[in-house]
Structure formats: C-alpha cells, structure tokens
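Here's the structure, in structure tokens; my notes come after.
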Amino acid sequence: VATKTTRSWVYRYKSPVDGLMRQVKLGSWPVMPFQSAWVEWEKLRQAREAGADPAMAKRAEKTNKIIEARATDVKNRRARYTVQQACDDYLAAIQRARTEKGWKEVRRMFRTMLRDLPSLPAAAVSRGDAYGLIESWAHIPVQATRLRGELGGAWDRAIDAGQLPGETPNWWRVVLRGKLKSKGRASAATNGK
C-alpha cells in the first residue's frame, strides 16, 4: 500500500471467523525489505488457514497490553499512597459531615499523634505498626480510642475508594479493641481523699 508519504506491506484476507475482509500491516518499506515482508505474510497466512484471525489477535494483544499497563499503574499508585494521603483524603471527606470543631479535632489528632507513620505506604502498615501507635497513647485511653476509630475510618474510606487494595486489612479496627480503659475523670473532690 502506497500513499503520498508512506509505503507499507499489508496482508489482506477474508476472516475465517466472520467472513469479513480484514488487513494487517506487516511493516513499512524500505525499513522492512521484501524478504522479511514475505516471511511475515506467510506466517499470517498459515495462522489464518489454521482458523485464526490475525487482525483480531493483534487487537486482543493490544487490549491486553493496555489492561496490563493500567493494572500496573493502579498497583504503583496504591504502593505510593501514604498514611498521610489516606488521612488527608479522610479529612476532606468528613469535613462536609462533621461540625467544624469535630473536624478540626480529627485534623489535630492526625497532625500530632501519628508519630513516624505519615510517610509509610498505607498498604504496608502492619498490625504491629497499628498496635505500637495506639499503645504509645494508652496513657490517655480516651484519646487513643478516638485516634484508633478515626484511623479505622480513614482505612475504610481508602479501601472503598480503591486507593488501597480490597484485601488490605484494617488493623485499626482490631488492635486493642476494648482494652483501652479510662480511669475516669479526676475531680477536686476525689483528689482530696
């Protein structure tokens, strides 16, 4: 096939699948010499005679490559999704549903209580990481329980949004559940006894 600017080797055939005329580009001339085009043409002709449709196979291969590239991209994005991003996205989501005071308190907790976790990939947070963080705040059990609950909500949101793989465990819902007991509020009356 020749146009004003290009010349290409093309294999035209009647599809054994649906009987329609199809064509497959073998290569460009002069990059692909006649002998190479002949060899490629023969391969495709034999595949067609065996009942395959070369154009449909090429299209399916291209589609599979696109699907694989997208899956790799999603996997890479999830691997780069950090605890800080999960917390920021959660804050943006709850800002509409909570009072300003409640939202600011969650933001304060995330800013001051996460220690070294913000830079970790969220999918890589282990049960030990979750336990260690909540245990480090066990001396203020009510605050530790609130932090655990808010981080659990952040993980639920990230999993639901597809930013974390569906099989990612939400350790925040499990660790130290029911074990952070408050000693009650200290008052002037009880301190004097």
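The values are calculated or read from the model by the stated rules, or taken from the named source; none is laboratory data. Please read all numbers here as calculations on a predicted model, not as lab measurements. Because the Cβ atoms are built from the backbone with ideal geometry, glycine has one as well, and the counts that use them run over all protein chains shown. Side chains are part of the model used for accessible areas, which takes the heavy atoms of the whole protein and leaves out ligands, DNA and RNA. Shrake-Rupley method; radii C 1.70, N 1.55, O 1.52, S 1.80 Å.
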Determine the per residue accessible area of the range 77-141 with all protein chains present and a 1.4 angstrom probe, expressed in square angstrom.
59 Å²
The correct ranking of Arg98, Arg127, Arg148 by accessible area at 1.4 Å, largest first, is Arg127, Arg98, Arg148
With the dipole of the chain worked out from charges on the C-beta (+1 for Lys and Arg, -1 for Asp and Glu) around the Cα centre, which of Pro141, Gly178, Leu20 lies farthest toward the positive end?
Pro141
Can you work out the Karplus-derived ³J(HN,Hα) for every residue in the range 53-59? Use 6.51 cos²θ - 1.76 cosθ + 1.60 with θ = phi - 60°, whole Hz, and x for glycine or proline.
10, x, 5, 5, 5, 5, 5
How much accessible surface area, in Å² rounded to 10, belongs to the heavy atoms of Ile159 with a 1.4 Å probe?
40 Å²
Point-charge dipole on Cβ atoms (K/R +1, D/E -1) for the chain, about Cα centre, debye to 20
580 debye
Normalised by the residues of the range 54-124, what does the relative contact order come to in percent, with Cα pairs under 8 Å and at least six apart?
47 percent
Over the range 37-193, calculate the relative contact order: mean separation of alpha carbon pairs under 8 Å at least 6 apart, over the residue count, as a percent.
23 percent
What fraction, in whole percent, of alpha-carbon pairs in the range 1-131 exceed 25 Å separation?
58 percent
Could you tell me what percent of the accessible area of the chain is made up of carbon and sulfur, with a 1.4 Å probe and every protein chain present?
54 percent
